[in-house]
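Note sheet for the following structure.
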Amino acid sequence: MHDPVAGGGAAPPGAAHAELGFVATYLRAVTWLSRVSGVVAAGLIALAVLVICEMVVERYILGHTTIWQIDVVTYSVVGATFIGSAYVLMTRGHVNVDVLPLHLSARPRYRMALVTIVAGLAFCVVLFVMSVLYWHEAWAGNWRSDTVWRARLWIPYASMPIGLGLLVLEYISELIRLVTGRTPPYGIDPQRELR
């Protein structure tokens, strides 16, 4: 059996055959989905910026009242946060304090990474289930925003289960990559240790 700690990021013997299997297909699919989620999140941020610019022109130059702009900006930014979370995890773009992992030898670093990935996965699964229930309640109850626009809330609330579902898939991908030795814990070379 391949030791992911000792072998680092090297693939186990026979990996060329294994690359054709379900795991490799899953990893490629989740990587693709995470990249798409990053593009969608960037598009939502761009949309929010454009709507703010339009709101400034409409309100301060033309003197009109704004009705829908604040809602669209708020829902776009929140949606980008949830939907883009899988991309952020995949690229390790989140805030990461690696002082402790850098000071650990390879085996404790691997164990710590395993525990943190499993804990993060469990937390995201719970959030995913709760967000699906919350979204369904908004959809079934035909919830509307309290603003003049009266937006149907199930539409922006859909970003929560979509984003958290993608995040769960990415966490599973991270777990697979760790235990199979495809990536080292925390992206740190297994031979690297601070002295």
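Can you work out the FRET efficiency for the pair Asp189 and Leu133, with r the C-beta to C-beta distance and R0 = 30 Å, to the nearest 0.05?
According to the calculation, E is roughly 0.10.
What shape does segment 45-152 take by its C-alpha gyration tensor, where a ≥ b ≥ c are the square roots of the eigenvalues and a/c under 1.5 counts as rounded, a/b above b/c as prolate, and the rest as oblate?
oblate
For the chain, find the longest principal axis of its Cα atoms and tell me its angle to the long axis of helix 22-56, 0 to 90°, nearest 10.
30
Run the numbers for Tyr26 and Phe123: contour at 0.36 nm per residue of separation, minus the present Cα-Cα distance, in nm.
32.8 nm
How much of the accessible area of segment 32-72, probe 1.4 Å, is carbon plus sulfur, in whole percent?
76
For segment 172-186 and segment 60-116, what is the separation of their C-alpha centers, rounded to whole Å?
If we compute the Cα centre of each part, the gap is 20 Å.
Rounded to the nearest whole Å², what accessible area per residue is found for segment 72-195 with the 1.4 Å probe?
56
Over the chain, calculate the relative contact order: mean separation of alpha carbon pairs under 8 Å at least 6 apart, over the residue count, as a percent.
36
Round to a whole number: what % of the accessible area of segment 82-195 belongs to carbon and sulfur, probe 1.4 Å?
Ligands and nucleic acids excluded, carbon and sulfur reach 67 percent.
List every residue whose amide H lies under 5 Å from the amide H of Arg144, counting only residues 5 or more places away in sequence or on a different chain, with H placed 1.01 Å from N in the peptide plane.
Leu153
Tally Lys and Arg at +1 and Asp and Glu at -1 over the other residues with C-beta under 15 Å from the C-beta of Glu137: what net charge comes out?
+2
Would you indicate which of (i) 67, 39, 28; (ii) 88, 51, 33; (iii) 61, 45, 31 is the value of Cα extents along the principal axes in Å derived from the coordinates of this structure?
(i)
Kindly express, to the nearest 10 degrees and within the range 0 to 90, the angle between helix 159-179's C-alpha long axis and the longest C-alpha principal axis of the chain.
The two axes meet at around 10 degrees.
Where does helix 106-140 land angle-wise versus the long Cα axis of the chain, in degrees 0 to 90, nearest 10?
30
Quick one: if the Förster radius is 22 Å, what FRET efficiency do Arg144 and Ile67 give, using the C-beta to C-beta distance and rounding to 0.05?
Efficiency, rounded to the nearest 0.05: 0.95.
The values are calculated or read from the model by the stated rules, or taken from the named source; none is laboratory data. Because the structure is a prediction, the values reported are computed rather than measured. All Cβ positions, even for glycine, are placed from backbone atoms using ideal geometry, and neighbour counts span all protein chains on display. For the accessible areas, the whole protein counts, side chains as well, though only heavy atoms, and no ligand, DNA or RNA atoms are used. Shrake-Rupley method; radii C 1.70, N 1.55, O 1.52, S 1.80 Å.
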